[in-house]
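Scroll down for the structure; my scribbles are underneath it.
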Amino acid sequence: RIAQLEDTLKSRGASMGSLKNIITHLNQQLDEKNQTIAALQASLNSKNVDIQQLRKKVTTLTASNEKLTEEVNKQGEALMTQSAVINECYVKIGTKKELQRDGVLSGGGFLSKKKLEVGNFEHAGFMRVDIRSYLEADIRAKKIQILTPMPEASYRITRNGNSCKLQITNPTLFWSVSNYLVVQIK
């Protein structure tokens, strides 16, 4: 009976050894998996920190971008205002009497020469124009005379019955001498 029990124990001992090996192997795999999980959790925490830092950077960059957009818009408005001022000129069209009454013209009698009163230009009711778009003027008069010293090569006057047309052929040259245009109609 003892011998029989010893044989049973030996046969079971071999399978117990196999089970112990399997348990040892499974415990090793479990340890490896736990280490992998710990490493992945550390990596995840690191990534979360990176994501938070990136969110802060995005927030900062968004605020900076909004400020820059505001500055660009302000500068654009300033440039438009500057452009309007730079391209602003003044036109006065009238008869000799009207120009004299407004203080733009003096003299022009029998022996006196006509003289533009440049000092009175600001108060004489000139029409404001944009030189980029003011390229021609239809004037109801048989004859016109440009009193301001505009270069003759920069404009053309055409007559058609009881009206004249002033065509500015080179605006840059035309307005290079003066920002004021005085035209006397006859």
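The values are calculated or read from the model by the stated rules, or taken from the named source; none is laboratory data. The structure displayed is predicted, hence computed values, not measured ones. A quick note on method: Cβ atoms are made from the backbone with ideal geometry, for glycine too, and the neighbour counts reach across all protein chains shown. Side chains included, ligands, DNA and RNA excluded: accessible areas come from the protein's heavy atoms. Shrake-Rupley method; radii C 1.70, N 1.55, O 1.52, S 1.80 Å.
Which of rounded, prolate, oblate describes region 28-123, given a ≥ b ≥ c as roots of the alpha-carbon gyration tensor eigenvalues and a/c under 1.5 marking rounded, otherwise prolate only if a/b is larger than b/c?
It comes out prolate by the Cα gyration axes.
Please list, ordered by chain and number, the residues whose modelled amide H lies under 5 Å from the amide H of Ala141; skip anything fewer than 5 residues away on the same chain.
The answer is Ser163, Cys164.
With springs only between Cα atoms under 10 Å apart, run a GNM on the chain and tell me which of Ile22, Ile93, Ile37 wobbles the most.
Maximum fluctuation in the GNM of the chain, among the listed residues, is at Ile22.
Return the sequence-ordered ³J(HN,Hα) values of region 74-84 in whole Hz as given by the Karplus equation 6.51 cos²θ - 1.76 cosθ + 1.60 applied to θ = phi - 60°, using x for Gly and Pro.
Listing the rounded values in order: 5, 5, x, 5, 4, 5, 5, 5, 4, 4, 5 Hz.
Using the alpha carbon gyration tensor of the chain, what are the three equivalent-ellipsoid semi-axes (square root of 5 times each eigenvalue), largest first, in whole Å? If you can, show how the numbers build up before the last one.
On the way: eigenvalues 2193, 56, 19 Å².
So the three semi-axes of the chain are 105, 17, 10 Å.
Any idea of the accessible area per residue across the chain, 1.4 Å probe, to the nearest Å²?
For the chain, the per-residue accessible area is 76 Å².
Treat each spin label as a single point 7 Å out from the Cα along the C-beta direction, and report the Leu79 to Glu6 distance in nm.
10.5
Quick check: Cα centre of region 121-186 to Cα centre of region 18-63, how many Å?
Between the Cα centre of region 121-186 and that of region 18-63, the gap is 81 Å.
Counting only protein chains, not ligands or nucleic acids, how are Val85, Val182 ordered by accessible area (probe 1.4 Å), most first?
Val85, Val182
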